[in-house]
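Engineer: Have a look at this one.
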Amino acid sequence: MRKEPSARIFSNALQFYELTKLAYDNPAVRPKTLMAVICNFALSIELLLKSCDAGVKKSQHQPGTLLTDAEIYSNAWGHDLEKIFDSFDSEIKSKIEYLYKKTTGNDLRPLLSKYKDYFIHARYAHEPKSGHSYDVSGIHDLAEGLIASIRKWNNE
């Protein structure tokens, strides 16, 4: 079983994070893009978590030949941050919790519970009965903390 984060999925998460951070850090832009900022920070967190439990599917090939293709995928499904985390084996959960606590001083699980549905709520904010309040700086901090924690993965 793979025990290191997937660089490919992590890189995709960083793309959503970095683009969103530009809007978040710009006081003139943030109010105009608030739901997109929330949605994309939540999506980046989803991908950051999914990068921690990845697999590799190799294509069929003949022994003695070069590997022509491989598919990197996450073992976790869905958008609920808490359910994604709960789907991990205990070793992966412990590692992420330890690194997050060491990096930020905060416990990860309560934050995943608090922000678990932000992606879905922000994505469908235009629909009736979608009135939710959001902690924008909190979800930003969670994303930053996970990025820093995962970057330390192989150094611990």
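Engineer: Please determine, by comparing only the residues of segment 81-95 that are over 12 Å from the mean Cα position of the chain (by Cα) and assigned to a helix (DSSP H, G or I), which one is surrounded by the fewest Cβ atoms within 10 Å (Cβ to Cβ).
Structural biologist: Among them, the one singled out is SER90.
Engineer: Looking only at segment 61-80, decide whether some residue is in a helix (DSSP H, G or I), of a type in the set (D, E, K, R) and at pLDDT 85 or above.
Structural biologist: Among the residues of segment 61-80, not one is in a helix (DSSP H, G or I), of a type in the set (D, E, K, R) and at pLDDT 85 or above, which makes the answer no.
Engineer: Another question, if that's okay. Would you call LYS102 over 21 Å from LEU43 (Cα atoms) and either modelled with pLDDT of 95 or more or out of contact with any Leu (no Cβ under 8 Å at 6 or more places or on another chain) (or both)? Steps first, please.
Structural biologist: Details: over 21 Å from LEU43 (Cα atoms): yes; either modelled with pLDDT of 95 or more or out of contact with any Leu (no Cβ under 8 Å at 6 or more places or on another chain) (or both): yes.
Criteria met by LYS102.
Engineer: Output the number of the condition that TYR98 fails; it satisfies all remaining conditions of (1) under 16 Å from the mean Cα position of the chain (by Cα); (2) within 14 Å of PHE85 (Cα to Cα).
Structural biologist: For TYR98, the exception is condition (1).
Engineer: Please find, among LEU19, LEU14, the residue that is under 17 Å from the mean Cα position of the chain (by Cα), more than 19 Å from ILE96 (Cα to Cα) and not β-branched (Val, Ile, Thr).
Structural biologist: LEU19
Engineer: Oh, and also: LEU19 - would you say it is in a helix (DSSP H, G or I), in contact with a Pro (Cβ under 9 Å, 6 or more places away or on another chain) and either in contact (Cβ under 8 Å) with a residue 60 or more places away in the chain or surrounded by fewer than 20 Cβ atoms within 10 Å (Cβ to Cβ) (or both)?
Structural biologist: Answer is no for this residue.
Engineer: So which of ASP135, ASP107, ASP117, ASP141 ends up being in contact with a Lys or Arg (Cβ under 8 Å, 6 or more places away or on another chain), of a type outside the set (A, V, I, L, M, F, W, C) and surrounded by 14 or more Cβ atoms within 10 Å (Cβ to Cβ)?
Structural biologist: Among ASP135, ASP107, ASP117, ASP141, only ASP135 is in contact with a Lys or Arg (Cβ under 8 Å, 6 or more places away or on another chain), of a type outside the set (A, V, I, L, M, F, W, C) and surrounded by 14 or more Cβ atoms within 10 Å (Cβ to Cβ).
The values are calculated or read from the model by the stated rules, or taken from the named source; none is laboratory data. In this text, all values refer to a predicted model and were calculated from it rather than measured experimentally. Here Cβ is always computed from backbone atoms with ideal geometry, including for glycine, and neighbour counts include all displayed protein chains.
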